[in-house]
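Since the structure comes first, as structure tokens, the remarks are kept for the end.
The values are calculated or read from the model by the stated rules, or taken from the named source; none is laboratory data. Since we're looking at a predicted model, the values are computed, not measured. All Cβ positions, even for glycine, are placed from backbone atoms using ideal geometry, and neighbour counts span all protein chains on display. To get the accessible areas, we keep the full protein, side chains included, count just its heavy atoms, and leave off ligands, DNA and RNA. Shrake-Rupley method; radii C 1.70, N 1.55, O 1.52, S 1.80 Å.
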Amino acid sequence: MAASGSFSKVFSTGYTLLVEWTESNVDAPNNQSDITVTAKLKATGSYHISSSASKTISLTINGTKYSGTCTVGISGGETKTLMTRTVADITHGTDGSKTISISCSLDIQVTLSGSYVSNVSTSGSATLTKIARSNTLSASNGTLGTAQTLTVTKADSSFTHTITYTCGYASGTICTKSSAASVSWTPPLSLASQAPSGTAVSVALKIQTYSGSTALGNASKTITCAIPASVKPSISIAVSDNNGYASTYGAYIQG
């Protein structure tokens, strides 16, 4: 969901310089969004300004200054828009987060309640939507040789993902740049060799997310897979008495 907010400064009794911002066009594949900033003048009660002269105003958004002109004539109880500016394609950080600075400066140059006011300024920050940068993976413990389902929660419908596994010295690929939200996987019986004296193995799953051919974030999940009885080692021993000592001495004799 796009974010929004505001900040303001009361610069004389009854008068407020108000700055409102709204985020739009959150673009997950490109890790960008737009922001629209509006500067307003607000007069409460019976306070008013009688002026038709052109005034200079500026908005500084994410480090870039945008200048314009406006008039500040306003009636009591009115909120007047002075300037609006939209900045497109603001790139978020590698983790998808982004906070930008915003400031407004108004050369109002009017006399209010007997006092001359030359300039009014205010500043604040806008914390934009944190854009998810990777799909996430859900998986349950299982059994080697038995199919199970891996569930993918997608950060964006256009994203694809590659899922791999590692178990001891063994590794493999489950799917490559798939768009499926549900992936069937059978942990190989051969992974039992990674725990020759155990009854289960630990399997690390990794999901790498892509936007087109661009690799984004990745996430991991570790599960435990039981080793089925069918692949547990067994041993049998047979003893022979080729020289017939057992019948002579009543027992087997070594050497």
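Scanning the stretch 114-127 turns up one or more residues that are of a type in the set (Gly, Ala, Ser) and closer than 30 Å to Tyr210 by Cβ. In a residue-by-residue description of the stretch 107-119, the property of being within 24 Å of Ala219 (Cβ to Cβ), open to solvent by less than 50 Å² (accessible area, probe 1.4 Å) and not in a loop (DSSP other than H, G, I, E, B) applies to no position.
Inclusion of Thr84 among residues that are open to solvent by 50 Å² or more (accessible area, probe 1.4 Å), under 42 Å from the mean Cα position of the chain (by Cα) and β-branched (Val, Ile, Thr) is warranted.
Which strands (runs of 3 or more DSSP E) does the stretch 1-61 wholly contain that include 3 or more residues that are within 25 Å of the chain's Cα centre (by Cα) and surrounded by fewer than 17 Cβ atoms within 10 Å (Cβ to Cβ)?
Per the criteria, 4-12, 15-27.
Between Leu41, Leu112, the distinction of being of a type in the set (A, V, I, L, M, F, W, C), farther than 28 Å from Asp27 by Cβ and modelled with pLDDT under 95 belongs to Leu112 only.
Of the numbered criteria (1) in contact with a Ser or Thr (Cβ under 8 Å, 6 or more places away or on another chain); (2) of a type in the set (Gly, Ala, Ser); (3) over 19 Å from Ser118 (Cβ atoms), the one Ser46 fails is (1). Could you count how many residues in the stretch 88-106 are in a strand (DSSP E or B) and open to solvent by less than 20 Å² (accessible area, probe 1.4 Å)? Residues that pass the stated criteria total 5.
Out of the residues in the stretch 120-135 meeting the condition of being open to solvent by 40 Å² or more (accessible area, probe 1.4 Å) and modelled with pLDDT under 95, tell me which one is nearest to Pro187 (Cα to Cα).
Only one residue tops the list, namely Ala132.
With the requirement that a residue be part of a loop (DSSP other than H, G, I, E, B) and farther than 15 Å from Cys175 by Cβ, what does the stretch 133-142 give you?
Answer for the stretch 133-142, where residues must be part of a loop (DSSP other than H, G, I, E, B) and farther than 15 Å from Cys175 by Cβ: Arg133, Ser134, Ser140, Asn141.
Go through the residues of the stretch 178-187 one by one and say whether even a single one is of a type outside the set (A, V, I, L, M) and more than 30 Å from Thr160 (Cα to Cα). No, the conditions are met nowhere in the stretch 178-187. Could you list, ordered by first residue, the pairs with Cβ atoms under 6 Å in which the first is in the stretch 3-26 and within 15 Å of Ala88 (Cα to Cα) and the second is modelled with pLDDT under 95 and open to solvent by 30 Å² or more (accessible area, probe 1.4 Å), at least 6 apart or interchain? Sorted first by the residue in the stretch 3-26, then by its partner, the pairs are Glu23/Ala2; Ser24/Ala2; Val26/Ala2.
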